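These notes concern the structure reproduced below.
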Amino acid sequence: MRLYNSIGPNPRVVRMFAAEKSIDLPLVEVDLMGGENRRPPYLEKNAMGQLPALELDNGDCITEVTAICEYLEDLHPQPALIGSTPEDKARCRQWTRRVDLNICEPMANGFRFAEGLPLFKSRIVTVPEAAEGLKRIAQDRLKWLDAELAGKDFLCGKHLTLADILLFCFLDFGTQVGQPLREENKNVSGWFGRVRARPSAKA
């Protein structure tokens, strides 16, 4: 297997997930800034032109970070980062979806439609007038999440999961593109520090 990799939070999610499992994934660097992902031969790997993509030994490719991570979890069940019981898996998938839809997507599009507009306006449909509203949505959901994290080490309880990795990679990205963590979200800030201290956060 090998991972088509680039800058940005999405490939980092897979790298961090693999690092937590001690999976060595050879990386193939794709020049996102130069638009290499939007033309052949990369489009033959992922017709959506998005990163990352996991190329299997038979040449097939899996795309979308949650699908890639679930595939890696099935190959390497321990340590369980999605869950080892039906209840644990359901809880992790619940939180992963909440994080993705409510925080990561509005945060990412808020960036793409504002600070990232010069890069993305010729590649995808952009809605600049929506940027500030999307950023507000992400911050509103983070405020809600702050209350949910009270008394918890991680989103699903005592153990790190895919949901934590996804959220961490996007919040860390947000701090670099004008969407920093707010001081009043003390539970989120404490959680962020716990995840950042893990060796896998350097992946």
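The values are calculated or read from the model by the stated rules, or taken from the named source; none is laboratory data. In this text, all values refer to a predicted model and were calculated from it rather than measured experimentally. As a convention, Cβ positions derive from the backbone with ideal geometry for all residues, glycine included, and neighbour counts pool all protein chains shown. Only protein heavy atoms, including side chains, enter the accessible area calculation; ligands, DNA and RNA are left aside. Shrake-Rupley method; radii C 1.70, N 1.55, O 1.52, S 1.80 Å.
Quick notes on this one:
- Members of the range 63-84 that are among the hydroxyl-bearing types (S, T, Y) and either touching a Ser or Thr at 6+ places or on another chain (Cβ under 9 Å) or open to solvent by less than 50 Å² (accessible area, probe 1.4 Å) (or both): T63, T66
Conditions (1) under 23 Å from L81 (Cα atoms); (2) under 20 Å from the mean Cα position of the chain (by Cα); (3) at pLDDT 95 or above; (4) β-branched (V, I, T), marked per residue:
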site: P11; (1), (2), (3), (4): yes, yes, yes, no
site: R15; (1), (2), (3), (4): yes, yes, yes, no
site: E20; (1), (2), (3), (4): yes, yes, yes, no
site: P26; (1), (2), (3), (4): yes, yes, yes, no
site: E29; (1), (2), (3), (4): no, yes, yes, no
site: L43; (1), (2), (3), (4): no, no, yes, no
site: Q50; (1), (2), (3), (4): no, yes, yes, no
site: D60; (1), (2), (3), (4): no, no, yes, no
site: T63; (1), (2), (3), (4): yes, yes, yes, yes
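- Residue count for the range 140-188, restricted to those that are assigned to a helix (DSSP H, G or I) and surrounded by 20 or more Cβ atoms within 10 Å (Cβ to Cβ): 14
- Residue within the range 22-39 that is among the acidic types (D, E), open to solvent by 20 Å² or more (accessible area, probe 1.4 Å), within 22 Å of K202 (Cα to Cα) and in contact with a strand residue (DSSP E or B) (Cβ under 7 Å, 6 or more places away or on another chain) present: yes
- Elements of type helices (runs of 4 or more DSSP H) in the range 21-104, at least 1 residues being under 21 Å from C169 (Cα atoms) and touching a residue at least 12 places away in the same chain (Cβ under 8 Å): 65-75, 86-99
- Conditions (1) aliphatic (A, V, I, L, M); (2) farther than 30 Å from E148 by Cα; (3) open to solvent by 40 Å² or more (accessible area, probe 1.4 Å); number of the one not met by A90: (2)
- For the range 105-132, a residue qualifies if it is exposed (fewer than 13 other Cβ atoms within 10 Å of the Cβ) and either of a type in the set (S, T, N, Q) or assigned to a helix (DSSP H, G or I) (or both), and the qualifying residues are P118, S122, P128, E129, E132.
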